[in-house]
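Down below is the structure, laid out as structure tokens.
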Amino acid sequence: MSSRREFLTLSAGAATWLASAQAVAQSQDLAGLTLKKASDLIRTKAVSPVELTQACLARIEKYNSKLNAFITVTRDQALATAREMESEIQRGKWRGPLHGVPIALKDNIETAGIRSTGASELFKDRIPTEDAEVARRLKGAGAVLVGKLNLHEFAYGGTSNVTAFGTMHNPWALDHVPGGSSGGPGAAVAADLCYGALGTDTAGSVRMPSSHCGIVGLKPTYGRVSTRGVMVLSWTLDHVGPMCRTVEDVAVMMNVVAGYDEVEPTSTDIPVPDYTRALKMPVSKLRLGIVRRPFFDRLDPEVEKAVNAAIDVLQKMTAPAIDAELPKTGSPATIWGPEAYAYHLRWITESPAKYQPGTRAQLQRSADAKAWEYAQARRQVDLVRRQIKKTFLKVDVLIAPTMKTPAPLLSAPQNAIGANNNEVFDVFGLPSISLPCGFTRSGLPIGLQITAGHFAESNVLALAHAYEQATEWHKRKPSL
């Protein structure tokens, strides 16, 4: 009798364990969906927003301790929103493709009632009363916010290990940087902790972590997506853009966040197309411009091999490629330094010790910036944003490596973020995307960068999607 009771007890325990294991496996399967697939399942009621949110929260609980991607996890608010979105679905209301889909925001994007830190001790307890415009649009579209993501402090750097909330880790190799400054979004999306995220890009901070983490990240045209309510690094160069697993997912998010904001001075009043329709555009007539100098100079050999292979794929589906040259831009640091200092003036004067040493040093150096140098550099931006239009008389898209090297080790010097091919496109204000085009022998992702003329995001998305469909790189997942 005793042995029978023991058998039944063991059997019950095994059944409980099996059910638990199946629940974990199911949550991992659900969290691993693309944003578009998750959206389709919600709309057909095959899965609920609550189930998707629980799956992401389970992944965050399991893996965030390894990655340190999140500063704040909004578990209770997320589940409450998910239940509300589920109720709307049951009543026949559908807000669009982001309805009930869990996403996350870089923590320099302000959120009403949820602390927004900029990854700095200065703002560690700061709770805004208003949403940034992009957060407002995402909420209005029914997205479920599962948390705020870690970053290089105030987005002022590319290593993602200068932060008051601890170093971030690359999901493909935990001893390597995920890139910055949007390191938290890069790591979270790559590790299936959310279906998409918003990052910011002033000198490559969406595309750099997208390249290093093997995901897709789009920096839109300057003025295409409102920066109102985003902590300022540079009014002249700041952009906000989506970071997702596929080009299609990026297009879905762009349809929500793009558009004119009459309150934001940098916003441009130009009609927004349906970016998901761009994915069906034929690319056979697109003219490629390969930006050899300086983008291919001193490339890591594995990066060079992967990017050249990607160009071979592209040339089979487009018009013949030519070499392209870009106008000279000067150093954008001459602009972002003084503008960052102007934004931080009161705080860096009153509470300098609350900044990380590297950030503090950069801001304090900018106190001595010469007005004439800034004025000339700012004038140069206006000029080159007009001059670059001539480049697109001969080509439709520009092709280059996103980064010249794979993700460096965390132990590398602070300035070893990997040679950056990105910042020039912030100066030009052009739409530019990074997507996976290969991996190193050690398993680190390599990114391909595609850029088009002002407000020609459709060309970028069309060619990126065509390349993605012709290859398998986007299907790989890191093993955590």
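Within the range 349-359, count every residue that is surrounded by fewer than 18 Cβ atoms within 10 Å (Cβ to Cβ) and either touching a strand residue (DSSP E or B) at 6+ places or on another chain (Cβ under 6 Å) or not β-branched (Val, Ile, Thr) (or both). Talk me through it step by step, then tell me what you get.
Filtering the range 349-359 for residues surrounded by fewer than 18 Cβ atoms within 10 Å (Cβ to Cβ) gives 349-354, 357-358.
Filter once more, keeping what is either touching a strand residue (DSSP E or B) at 6+ places or on another chain (Cβ under 6 Å) or not β-branched (Val, Ile, Thr) (or both): 350-354, 357-358.
Within the range 349-359, residues that are surrounded by fewer than 18 Cβ atoms within 10 Å (Cβ to Cβ) and either touching a strand residue (DSSP E or B) at 6+ places or on another chain (Cβ under 6 Å) or not β-branched (Val, Ile, Thr) (or both) number 7.
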>> Are there strands (runs of 3 or more DSSP E) fully within the range 371-467 with at least 3 residues that are farther than 20 Å from ALA324 by Cβ and in contact (Cβ under 8 Å) with a residue 12 or more places away in the chain? List them.
In response: 432-439
> Got a number for residues in the range 287-317 being open to solvent by 10 Å² or more (accessible area, probe 1.4 Å), among the aliphatic types (A, V, I, L, M) and either at pLDDT below 95 or outside any helix (DSSP H, G or I) (or both)?
Replying inline: 2
> For ALA361, are the conditions met, namely being modelled with pLDDT of 95 or more, small (Gly, Ala, Ser) and under 28 Å from the mean Cα position of the chain (by Cα)?
Replying inline: yes
>> Only one of PHE439, PHE428 is of a type in the set (A, V, I, L, M, F, W, C) and open to solvent by 10 Å² or more (accessible area, probe 1.4 Å). Can you tell me which?
In response: PHE439
> Based on what the data block shows, is GLU373 open to solvent by 40 Å² or more (accessible area, probe 1.4 Å) and in contact with a helix residue (DSSP H, G or I) (Cβ under 6 Å, 6 or more places away or on another chain)?
Replying inline: yes
>> I need every pair where a residue in the range 135-146 that is over 18 Å from ASP76 (Cα atoms) has its Cβ under 7 Å from the Cβ of a residue that is surrounded by fewer than 20 Cβ atoms within 10 Å (Cβ to Cβ), sequence separation at least 6 or different chains.
In response: ALA141/ARG95; ALA141/GLY96
>> List pairs: first residue in the range 235-247 and free of Cβ contacts under 8 Å to residues at least 40 places away in the same chain, second residue of a type in the set (A, V, I, L, M, F, W, C) anywhere in the structure, Cβ distance under 7 angstrom, at least six positions apart or on different chains.
In response: ASP238/VAL230; ASP238/VAL232
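Per-residue answers, yes or no, for (1) surrounded by 19 or more Cβ atoms within 10 Å (Cβ to Cβ); (2) at pLDDT 95 or above; (3) of a type in the set (Val, Ile, Thr); (4) at positive phi:
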position	(1), (2), (3), (4)
ALA31	yes, yes, no, no
LEU57	yes, yes, no, no
ARG91	no, yes, no, no
VAL101	yes, yes, yes, no
ASP107	yes, yes, no, no
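The values are calculated or read from the model by the stated rules, or taken from the named source; none is laboratory data. Being a predicted model, the structure only gives us computed values, none of them experimental. Quick reminder, even Gly has a Cβ in these numbers, built from the backbone with ideal geometry, and neighbours come from all protein chains shown. Keep in mind that these areas ignore ligands, DNA and RNA; they rest on the heavy atoms of the full protein, side chains included. Shrake-Rupley method; radii C 1.70, N 1.55, O 1.52, S 1.80 Å.
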